Amino acid sequence: MSAVCVFTPVVMEMAWPLVSSIAASALVSLGYQVVQQEAAQEEQEAGSSVDLEVSQSHGFEETLGEEEKLVVQKGEVTLTMKKGAEGKLHICAAGKGISEAELKAAGTEAMNRFLQAYVRKKVGDELKKRGFAFEEETLPGGAIRLRAKKW
């Protein structure tokens, strides 16, 4: 017997250190490097930027402070993950000499990779908690297949 599940992630219930480590590893796999906030701030102020909201992110009001941010950079693009005023997670894509369309594409790609890594972590933790063993396979195009078994 087999089943296909499509998960719509709701990002919540995780403390910022865990969320930021998931995001950092997901973004590093896209070629970004974690940078100091101060160094990235100068570039963001000099170029254009696009702010994207991770729409299914709830519950960060208690776990994420205003000063907590993750800043990564690849070439001229700087991405900053932070809490917005309403408590949701935001990704700000900024860069000097880069169009808003390119920044939006970079931010969307980063958001999708983060959400995929987040869901993989949450599903894996839940499967382990319920006594399942699982295998993970990365498919062409970046999709991930999890096979779970319980003996």
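The values are calculated or read from the model by the stated rules, or taken from the named source; none is laboratory data. Just so you know, these numbers come straight off a predicted model, no measurement behind them. Note that each Cβ is placed from the backbone with ideal geometry, even for glycine, and that neighbours are counted across all protein chains shown.
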* Asked: Is it the case that some residue within segment 88-101 is surrounded by fewer than 16 Cβ atoms within 10 Å (Cβ to Cβ), at pLDDT 85 or above and assigned to a helix (DSSP H, G or I)?
  -> yes
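Conditions tested, residue by residue: (1) modelled with pLDDT of 85 or more; (2) under 18 Å from the mean Cα position of the chain (by Cα); (3) assigned to a helix (DSSP H, G or I).
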position: 105; (1), (2), (3): yes, yes, yes
position: 109; (1), (2), (3): yes, yes, yes
position: 119; (1), (2), (3): no, yes, yes
position: 123; (1), (2), (3): no, yes, yes
position: 142; (1), (2), (3): no, yes, no
* To do: Please give the number of the condition residue 127 fails out of (1) touching a strand residue (DSSP E or B) at 6+ places or on another chain (Cβ under 6 Å); (2) over 25 Å from residue 68 (Cα atoms); (3) surrounded by fewer than 16 Cβ atoms within 10 Å (Cβ to Cβ).
  => (3)
* Asked: Of (1) small (Gly, Ala, Ser); (2) modelled with pLDDT of 80 or more; (3) exposed (fewer than 13 other Cβ atoms within 10 Å of the Cβ), residue 85 satisfies all except one. Which?
  -> (2)
* **Enumeration of residues in segment 102-124 that are charged (D, E, K, R), in contact (Cβ under 8 Å) with a residue 40 or more places away in the chain, surrounded by fewer than 18 Cβ atoms within 10 Å (Cβ to Cβ) and within 21 Å of residue 35 (Cα to Cα)** => 104, 109
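Residue-by-condition table, conditions (1) under 17 Å from residue 89 (Cα atoms); (2) of a type outside the set (A, V, I, L, M, F, W, C); (3) modelled with pLDDT of 75 or more; (4) in a loop (DSSP other than H, G, I, E, B):
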{"site": "19", "(1), (2), (3), (4)": "yes, no, yes, no"}
{"site": "23", "(1), (2), (3), (4)": "yes, no, yes, no"}
{"site": "27", "(1), (2), (3), (4)": "yes, no, yes, no"}
{"site": "41", "(1), (2), (3), (4)": "no, yes, no, no"}
{"site": "52", "(1), (2), (3), (4)": "yes, no, yes, no"}
{"site": "66", "(1), (2), (3), (4)": "yes, yes, no, yes"}
